[in-house]
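The block underneath contains the structure these notes are about, expressed in structure tokens.
The values are calculated or read from the model by the stated rules, or taken from the named source; none is laboratory data. Predicted model only: the values in this text are computed from it and were never measured. Cβ placement follows ideal geometry from the backbone for every residue including glycine, while neighbour counts extend to all protein chains displayed. The accessibility values were calculated without ligands, DNA or RNA, using every heavy atom of the protein model including side chains. Shrake-Rupley method; radii C 1.70, N 1.55, O 1.52, S 1.80 Å.
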There are 2 protein chains.
Amino acid sequence: MRLSQFHLHTSKETPAEAEIVSHKLMLKAGMIRKLAAGLYTWSPLGLRVLRKVERAVREEMNASGAIEVLMPSVQPRELWEETGRWEKFGGQLLKIQDRKEAWYCYGPTHEEVITDFARQELSSYKQLPVNFYQIQTKFRDEIRPRFGVMRAREFLMKDAYSFHLSDEDLGVEYKNMYDTYGRIFTRLGLKFRAVSADSGAIGGAVSHEFHVLAESGEDALAFHSGSDYAANVELAQAAEPAPRAAASEAMRKVDTPTQKTCEDVAALMGIALQRTVKSVAIIGADADGNAQFVLALVRGDHVVNEIKLSKLAGLGEYRLATEAEIVAHLGSEPGFLGPVAPRKAIRVIADRSVAAMADFVVGANEAGYHLAGINWGRDLAEPDVVADIRNVVEGDIAPDGEGTIGLARGIEVGHVFQLGRKYAEAMKLTVLDANGKAATPAMGCYGIGVSRIVAAAIEQNNDDNGIIWPEAMAPWQAVVCVINPKGDATVAQAAQDLYAELNAAGIETALDDRGLRPGAMFADMELIGIPHRIVVSERGLASGTFEYRHRRASEAENLDRAALLARLGK
Amino acid sequence: MRLSQFHLHTSKETPAEAEIVSHKLMLKAGMIRKLAAGLYTWSPLGLRVLRKVERAVREEMNASGAIEVLMPSVQPRELWEETGRWEKFGGQLLKIQDRKEAWYCYGPTHEEVITDFARQELSSYKQLPVNFYQIQTKFRDEIRPRFGVMRAREFLMKDAYSFHLSDEDLGVEYKNMYDTYGRIFTRLGLKFRAVSADSGAIGGAVSHEFHVLAESGEDALAFHSGSDYAANVELAQAAEPAPRAAASEAMRKVDTPTQKTCEDVAALMGIALQRTVKSVAIIGADADGNAQFVLALVRGDHVVNEIKLSKLAGLGEYRLATEAEIVAHLGSEPGFLGPVAPRKAIRVIADRSVAAMADFVVGANEAGYHLAGINWGRDLAEPDVVADIRNVVEGDIAPDGEGTIGLARGIEVGHVFQLGRKYAEAMKLTVLDANGKAATPAMGCYGIGVSRIVAAAIEQNNDDNGIIWPEAMAPWQAVVCVINPKGDATVAQAAQDLYAELNAAGIETALDDRGLRPGAMFADMELIGIPHRIVVSERGLASGTFEYRHRRASEAENLDRAALLARLGK
């Protein structure tokens, strides 16, 4: 591609509306333009990158045996009512009424549609296993679309759905997809990690997320230094704490007039934060389904993990307690709460690390006071429930006792689920098995955020000068820059010859023949992140060399033709 | 592709809901499955064909210098209000309200979005000319979606939009796109014609439609036998008629008690239909914009062309007259109307062929009577307007006098427009010209119905056994059929070797290793329209031959390897 014939439109300005580096750089490089909140047009430059990702995903999916289909983006309400998701999916579901006042949605995902397709297509176990995928436009009506294409409303996704006669077969395909995802992200040149994940609203028992690692990532990931285990912090297990020590202090009341947080109390008392206990007041349900006041306790330096908490009995749909409920049960305003001597009966759920504490500090259920020297069984009853209800933290002992937990941040770009029979049962999908009996297939589903990968790759690969594309995602692998293309015909011709030669050798190369000054031209090529830059100049030609610089190199080097081709891997 | 690993799902049943052959065959071949009215999922087989079309379009557009972008499908109302189309576009525009109650539409076309993109991207004449295109999903809320993907609501379209400093530049790119479209349809192996077209609601002065020729086509096209001229019947000019003959009959009243149509009157009177005149009562506007009763006259064997009529002064937004208006102006019920002696003043617009008639028959403006022997200037005043207001018919003399007009039917698959400055002006798009002055660019727009081409190709290419794909659109060029793959290992191996060899030679080949009986296997391959079928059998191998049959051939032939490869063009 000659850039004089291409619509390249970079900007020196850093756009004010962009909060994260990928959004800033995509706007500066002119890869995307905003149409409306969460809606972006992909410019010629941006689309080249998006298509690279799309192609890698498609080729690897095909190689893995998945078969491509294309489903409509507009989906009828009736299907979503069969699975109950028309109501349950929530505000992200963009509902649409057509001219006949029939309801549809702009598909945020396609479980219903593929299951309906399968009802029409699949009738025999002989057609299984099968894995259908598509690369298609989706819409999620984000309440606060932001970060450019990272959290856009309309986006490009690869979604695959597999059907199996047995759970074992589902497991085999799940592993196949897990491995395929690894090949896709490796091929794209990204540093990534697969982590155990909560399967959330999609449902199903087993799921893994694939994260591109980047400091700016929204998700916290936990790694074990001593094993392959990695999990989203939402799920990562904390280790069993050391046994509880014996009580050594007496309970005493401490004056904490304005100290409402564990941090403030510990600072005032001059003790470690680890000796305080945080009390979180929530409303769950008792065994009969009646509202029940619950105090969830974690150590002062820990954070409650809402997902772990919600998996405990009676807490499936818990909510935070109101101030009135707190006063009614504990007799105190928030900031001074604790499990000792509540006004009314409450349920106490202690994180395992809290249950293992002795001589700890809690709120006194009286404004301006805390209690210190608290011990289980002496100052208050043992907790009703002891469970792992906290987020792991950096340096935690790993649950297997081998090594410690490290934290990293990631951007979720893929997610694989074992759905089981949830959708197939709801939508009455059956096939005849080998004995001629109707059987409900097990399903898997496998998503990749194609457009999001572009932004995630930039979050992982950039510097002050712009984007640094991995080779497989770069709009072009190499660019031949011509100094003063209209000046010296020999230089222009040599550049053109090299450009043609590199393309013929299979190196996708652009020719920057726009006639910009060298500084502006080089700044553009760095901003848009082309891995290999070759400069053709009069001086270089005189000495039979080209100036070569890799996007990550600090210096350029002068190479003759053979050395240049070798450097480009040919 | 081994068909045992592919999801092929044909049906012997002819689906009851399908009215046209392409819809029937796409369902029988299992290319598409209906999700809801006008919404179809493309199966693996269907998608292979769709992608072939998409690829041909993309490659030819790229070769022509157009640059690919990708715009959102969801578009904000504000942009459509800038051009006034939010109201004007009508019921096909699918309007959507998001969770914040802001209005959007699912884009049926992208003039507004690309012009907004251009406002952000284009600032200088140096960036022009430029032609942006996309291949993207569109939605038109058809009042009666039908014919499968031929008139679906959600469909795949290639739309391109070009920007130019001058009308001359627009003309150059228009010609470039016109030629590119010719290359695309030629490459796809389709018989097609480009015809002059009315530009309709999109606007602009010059436009051509590209039609795939098929007897089942919805559009009537007019060709001149003596020249290259072709036009949609909506636009095709009728020739100047021969001069009017002298009057030879006296006016007389004819008793036509129940004869309300020209056909019935001519039959009753025993005269040629060409001697009768049809009077169509409409309401237009006079020079002051007041409603005006108009009688439009065409010969009894002709049909009024509404588009030609609407281009006459005062008829831009004409409508049919109500019965009350007719009675008030002519004094008669419909069926007996005519231009002679109306009750109130009316405007008479005569087709040129009517103005050239003598001794003709019209309604008497009295129920049960017609008038014969009518002559202009004697029995009534000369017409207020004489114009070409009829559809051409087969056998008409061509306007240039060379040869005659022939009619054919076509399916519109492409449309190119010179939009001029309509959108650029409405949306205030300007660039600086060479003198530093703001200039409004001229625009062109160029559409291709990518998914519709698949159906149109089938309408043109099919027989009783199924689809007959042109090579470039076939899911596979060739199929190697194995007789009894699990029986004779030598046969299975030979088939596999041939399959591998053909693919290596660049012939996209499927291996039918599903183990079906020969009759069922051959019927499937004919139904799905694979151009070249090769059968590997024990008997053939014994004589060193393969059984070869082209989809259009009536007989199979036995060919040795060399002859087979030669037949496949290798």
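For the subset of the stretch B:44-72 comprising residues that are among the small types (G, A, S) and farther than 30 Å from A:G65 by Cβ, which member is nearest to the other protein chains (Cβ to nearest Cβ)?
Of all residues in the stretch B:44-72, those among the small types (G, A, S) come to B:46, B:56, B:63-66.
Checking the rest, the ones that are also farther than 30 Å from A:G65 by Cβ come to B:63-66.
Working: B:A63: 12, B:S64: 11, B:G65: 7, B:A66: 10 Å.
The qualifying residue nearest to the other protein chains (Cβ to nearest Cβ) is B:G65.
Does B:E111 meet the test of being of a type outside the set (A, V, I, L, M, F, W, C), more than 12 Å from chain A (Cβ to nearest Cβ) and closer than 29 Å to A:R2 by Cβ?
On the way: of a type outside the set (A, V, I, L, M, F, W, C): yes; more than 12 Å from chain A (Cβ to nearest Cβ): yes; closer than 29 Å to A:R2 by Cβ: yes.
Criteria met by B:E111.
Looking for something open to solvent by 80 Å² or more (accessible area, probe 1.4 Å) and out of contact with any Pro (no Cβ under 7 Å at 6 or more places or on another chain) - is there at least one such residue anywhere in the stretch A:234-243? Show your work before the answer.
Step one: filter the stretch A:234-243 for residues open to solvent by 80 Å² or more (accessible area, probe 1.4 Å), giving A:237, A:240, A:243.
So of that shortlist, the ones also out of contact with any Pro (no Cβ under 7 Å at 6 or more places or on another chain) come out as A:240, A:243.
Yes: the stretch A:234-243 contains one or more residues that are open to solvent by 80 Å² or more (accessible area, probe 1.4 Å) and out of contact with any Pro (no Cβ under 7 Å at 6 or more places or on another chain).
Are any of the residues in the stretch B:8-20 without any contact (Cβ under 8 Å) to a residue 60 or more places away in the chain and facing chain A (nearest Cβ under 10 Å)?
yes
Yes/no per residue for (1) in the same structural domain as B:H9 (by TED's automatic domain parsing); (2) more than 37 Å from the chain's Cα centre (by Cα); (3) at positive phi; (4) among the β-branched types (V, I, T):
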residue	(1), (2), (3), (4)
B:D488	no, yes, no, no
B:N503	no, no, no, no
B:T509	no, no, no, yes
B:A523	no, no, no, no
B:V536	no, yes, no, yes
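Run A:W376 past the list (1) modelled with pLDDT of 95 or more; (2) closer than 25 Å to A:V206 by Cβ and report the number of the one that doesn't hold.
With (1) modelled with pLDDT of 95 or more; (2) closer than 25 Å to A:V206 by Cβ applied to A:W376, the lone miss is (2).
Just one of B:F163, B:F117 is of a type in the set (A, V, I, L, M, F, W, C) and surrounded by fewer than 24 Cβ atoms within 10 Å (Cβ to Cβ); which is it? Even if it seems obvious, please write down each step before you answer.
Values: B:F163 fails: surrounded by fewer than 24 Cβ atoms within 10 Å (Cβ to Cβ).
Checking each option against the conditions leaves just B:F117.
Which of the residues spanning the stretch B:143-187 are assigned to a loop (DSSP other than H, G, I, E, B) and either modelled with pLDDT under 95 or aromatic (F, W, Y) (or both)? Step through it out loud before you land on a result.
Taking the stretch B:143-187 as the starting set, the residues that turn out to be assigned to a loop (DSSP other than H, G, I, E, B) are B:143-145, B:147, B:152-153, B:165-166.
Selection gives B:I143, B:R144, B:P145, B:F147.
Of the conditions (1) outside any helix (DSSP H, G or I); (2) surrounded by fewer than 20 Cβ atoms within 10 Å (Cβ to Cβ), A:V535 clears all except one; give me its number.
Result: A:V535 fails condition (2) only.
Name every residue in the stretch B:118-137 that is touching a residue at least 40 places away in the same chain (Cβ under 8 Å), part of a helix (DSSP H, G or I) and either more than 8 Å from chain A (Cβ to nearest Cβ) or under 28 Å from the mean Cα position of the chain (by Cα) (or both), in order of residue number. If you could, list the steps in order and put the result at the bottom.
Of all residues in the stretch B:118-137, those touching a residue at least 40 places away in the same chain (Cβ under 8 Å) come to B:118-119, B:122-125, B:127-137.
After this cut, where a residue has to be part of a helix (DSSP H, G or I) as well, the list is B:118-119, B:125, B:127.
Answer for the stretch B:118-137, where residues must be touching a residue at least 40 places away in the same chain (Cβ under 8 Å), part of a helix (DSSP H, G or I) and either more than 8 Å from chain A (Cβ to nearest Cβ) or under 28 Å from the mean Cα position of the chain (by Cα) (or both): B:A118, B:R119, B:Y125.
How do the pairs read when you match residues in the stretch B:297-310 that are more than 15 Å from B:T261 (Cβ to Cβ) with residues anywhere that are in a strand (DSSP E or B) and among the charged types (D, E, K, R), using Cβ under 6 Å and keeping only pairs 6 or more apart or on different chains?
B:N305/B:R390
May I ask you to verify whether B:E101 is more than 10 Å from chain A (Cβ to nearest Cβ), without any contact (Cβ under 8 Å) to a residue 24 or more places away in the chain and at positive phi?
On the way: more than 10 Å from chain A (Cβ to nearest Cβ): yes; without any contact (Cβ under 8 Å) to a residue 24 or more places away in the chain: yes; at positive phi: yes.
The answer is yes for B:E101.
So, of the residues in the stretch A:86-98 that are more than 23 Å from the chain's Cα centre (by Cα) and over 19 Å from B:F155 (Cα atoms), which turns out to be nearest to the other protein chains (Cβ to nearest Cβ)?
We begin by selecting, within the stretch A:86-98, every residue more than 23 Å from the chain's Cα centre (by Cα); these are A:86-87, A:95-98.
Remaining after also requiring over 19 Å from B:F155 (Cα atoms): A:86-87, A:95.
On the way: A:W86: 14, A:E87: 15, A:K95: 8 Å.
Of everything passing the filter in the stretch A:86-98, A:K95 is nearest to the other protein chains (Cβ to nearest Cβ).
Mind counting the residues in the stretch B:488-498 that are open to solvent by 10 Å² or more (accessible area, probe 1.4 Å) and touching a residue at least 40 places away in the same chain (Cβ under 8 Å)? Lay out the reasoning, then the answer.
Kept after step one, since they are open to solvent by 10 Å² or more (accessible area, probe 1.4 Å), are these residues of the stretch B:488-498: B:488-490, B:492-494, B:496-497.
This time we only want the ones that are touching a residue at least 40 places away in the same chain (Cβ under 8 Å), so: B:488, B:490, B:494.
Qualifying residue count for the region: 3.
Which of the residues spanning the stretch A:460-482 are over 17 Å from A:A553 (Cα atoms), open to solvent by less than 10 Å² (accessible area, probe 1.4 Å) and out of contact with any strand residue (DSSP E or B) (no Cβ under 7 Å at 6 or more places or on another chain)?
Correct list: A:M473, A:P475.
Do we have A:L527 as in contact with a helix residue (DSSP H, G or I) (Cβ under 7 Å, 6 or more places away or on another chain), more than 30 Å from A:H23 (Cβ to Cβ) and open to solvent by 10 Å² or more (accessible area, probe 1.4 Å) here?
Details: in contact with a helix residue (DSSP H, G or I) (Cβ under 7 Å, 6 or more places away or on another chain): yes; more than 30 Å from A:H23 (Cβ to Cβ): no; open to solvent by 10 Å² or more (accessible area, probe 1.4 Å): yes.
The answer is no for A:L527.
Considering B:Y125, B:Y161, B:Y178, which residue is touching a Gly at 6+ places or on another chain (Cβ under 8 Å) and among the aromatic types (F, W, Y)? So that I can check it myself, show each step before the final result.
Numbers: B:Y125 fails: touching a Gly at 6+ places or on another chain (Cβ under 8 Å); B:Y178 fails: touching a Gly at 6+ places or on another chain (Cβ under 8 Å).
After ruling out the rest, the residue left standing is B:Y161.
Could you look through the stretch B:329-347, keep only residues that are buried (at least 20 other Cβ atoms within 10 Å of the Cβ) and aliphatic (A, V, I, L, M), and pick out the one that is nearest to B:T258 (Cα to Cα)?
Among those residues, the one meeting the criterion is B:L337.
Every residue in the stretch A:282-308 that is touching a Ser or Thr at 6+ places or on another chain (Cβ under 9 Å), of a type in the set (A, V, I, L, M, F, W, C) and open to solvent by 10 Å² or more (accessible area, probe 1.4 Å), please.
Scanning the stretch A:282-308 gives a single hit, A:I283.
Would it be correct to say that B:E82 is more than 30 Å from B:R144 (Cα to Cα), more than 7 Å from chain A (Cβ to nearest Cβ), open to solvent by 10 Å² or more (accessible area, probe 1.4 Å) and not hydroxyl-bearing (S, T, Y)?
Numbers: more than 30 Å from B:R144 (Cα to Cα): no; more than 7 Å from chain A (Cβ to nearest Cβ): yes; open to solvent by 10 Å² or more (accessible area, probe 1.4 Å): yes; not hydroxyl-bearing (S, T, Y): yes.
Considered against the rule, which asks whether it is more than 30 Å from B:R144 (Cα to Cα), more than 7 Å from chain A (Cβ to nearest Cβ), open to solvent by 10 Å² or more (accessible area, probe 1.4 Å) and not hydroxyl-bearing (S, T, Y), B:E82 comes out as no.
Between A:R33, A:R77, which is more than 8 Å from every other protein chain (Cβ to nearest Cβ), open to solvent by 10 Å² or more (accessible area, probe 1.4 Å) and at pLDDT 95 or above?
Numbers: A:R33 fails: more than 8 Å from every other protein chain (Cβ to nearest Cβ).
Sole residue among the options that is more than 8 Å from every other protein chain (Cβ to nearest Cβ), open to solvent by 10 Å² or more (accessible area, probe 1.4 Å) and at pLDDT 95 or above: A:R77.
For (1) modelled with pLDDT of 95 or more; (2) within 16 Å of A:V386 (Cα to Cα); (3) hydrophobic (A, V, I, L, M, F, W, C); (4) in a strand (DSSP E or B), each residue gets a yes or a no:
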residue	(1), (2), (3), (4)
A:V280	yes, yes, yes, yes
A:G314	no, yes, no, no
A:E317	no, no, no, no
A:I326	yes, no, yes, no
A:R343	no, no, no, no
A:I349	yes, yes, yes, yes
A:S353	yes, yes, no, no
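Would you point out the residue of the stretch A:375-394, among those that are of a type in the set (A, V, I, L, M, F, W, C) and in a strand (DSSP E or B), that is most open to solvent (accessible area, probe 1.4 Å)? Show your work before the answer.
Narrowing the stretch A:375-394 to residues of a type in the set (A, V, I, L, M, F, W, C): A:376, A:380-381, A:385-387, A:389, A:392-393.
From what is left, the residues that are in a strand (DSSP E or B) are A:376, A:380, A:385-387.
Numbers: A:W376: 18, A:L380: 21, A:V385: 36, A:V386: 77, A:A387: 14 Å².
Applying the filter and picking the extreme gives A:V386.
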